[in-house]
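Right, one structure below, let's go through it.
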C-alpha cells in the first residue's frame, strides 16, 4: 500500500494537524517500557505502531534494529523520515503512512511495539493488534503498553475513563494457545516528565505476548 492510496479520514486530518502545529522533538525520547524490554534482545526487525515523533524507532535503529515505523499522520511520517536521514538511520528506519486497519505494512517482524496506541477517534484497535501479531515471526514479541492513569498534562482529564487492564487486552485479542503465551501482564508505576517539565507518578498497563517457536 502507498502512503496516498486512501483519502485521509477525519482521524488522519486530526493527527496530521496536531503534528503540523506543534513543535515536535523528533526522535528525542524512547518510551521507558520499550527500552526495558528491548535492551536485552538480539536486534532484528521491529514494527512501531503509531510511531508519532519516532523516538522508539530511532532508539531501536541505533541499537541495530531495522524498523518499520507507521503512523496515520503524514506530517509525523515526514518528520520521522527527515530525522532518520539526518541521524544517518535512513537505511534502518522505513516510515510509512497507514490508516490502520484500512492499510497495513508488509513484512514479518521479531518485535511489534504498540506504545499508548490510543486515539480520540474510535478505531478497530484489537483488529490492528491481531493483524500485527500475525505478522510476527516465530518467538516474536507483541508489546502493548497502555495508559493506566491520567497524567496532569494529558488532554483527557475525565475521571471516569476506563483504562483496560493487560488481562482485558489479552482477553480481547483472544490469541490462541499454545501458539501464544503471556510473558508479562502487569501495572507498573513510574515517574514521568510532561511536555513542560512537569513531574508526576503515572501507571502503565503492560502486556507482552510471545509467539511459539514453531
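The values are calculated or read from the model by the stated rules, or taken from the named source; none is laboratory data. Not measured: the values here are computed from a predicted model. Ideal geometry is used to build each Cβ from the backbone, glycine not excepted, and the neighbour counts take in all protein chains shown.
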Original post:
Would a scan of segment 10-23 turn up a residue that is over 11 Å from the mean Cα position of the chain (by Cα), outside any loop (DSSP other than H, G, I, E, B), at pLDDT 95 or above and under 16 Å from residue 96 (Cβ atoms)?
Top reply: no
Original post:
So which of 110, 204 is in a strand (DSSP E or B), touching a helix residue (DSSP H, G or I) at 6+ places or on another chain (Cβ under 7 Å) and buried (at least 17 other Cβ atoms within 10 Å of the Cβ)?
Top reply: 204
Subject >> Pairs where the first residue, in segment 149-160, is under 20 Å from residue 14 (Cα atoms) and the second is surrounded by 14 or more Cβ atoms within 10 Å (Cβ to Cβ), C-beta under 7 Å, 6+ apart >> reply: 156/150; 157/150
**OP:** Specify the residue that is surrounded by the fewest Cβ atoms within 10 Å (Cβ to Cβ); the eligible residues are those in segment 45-94 that are touching a residue at least 60 places away in the same chain (Cβ under 8 Å) and assigned to a strand (DSSP E or B).
**Re:** 45
Subject >> Those residues of segment 24-40 which are part of a loop (DSSP other than H, G, I, E, B) and in contact with a strand residue (DSSP E or B) (Cβ under 7 Å, 6 or more places away or on another chain), in sequence order >> reply: 31
**OP:** Determine which member of the set 192, 170 is at pLDDT 95 or above and either in a strand (DSSP E or B) or closer than 22 Å to residue 48 by Cα (or both).
**Re:** 170
Subject >> Scope segment 22-38; condition more than 26 Å from residue 134 (Cβ to Cβ) and out of contact with any helix residue (DSSP H, G or I) (no Cβ under 9 Å at 6 or more places or on another chain); matching residues >> reply: 22, 23, 32
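Counting only residues that are at pLDDT 90 or above and not in a strand (DSSP E or B), which one in segment 137-150 is surrounded by the fewest Cβ atoms within 10 Å (Cβ to Cβ)?
Per the criteria, the residue is 149.
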Original post:
Mind checking which residues of segment 95-107 are assigned to a strand (DSSP E or B) and closer than 24 Å to residue 33 by Cβ?
Top reply: 95, 96
Original post:
modelled with pLDDT of 95 or more, in a strand (DSSP E or B) and surrounded by 11 or more Cβ atoms within 10 Å (Cβ to Cβ), is that true of residue 175?
Top reply: no
**OP:** Return a yes/no flag: does segment 116-136 have any residue that is more than 19 Å from residue 204 (Cα to Cα), free of Cβ contacts under 8 Å to residues at least 12 places away in the same chain and not in a loop (DSSP other than H, G, I, E, B).
**Re:** yes
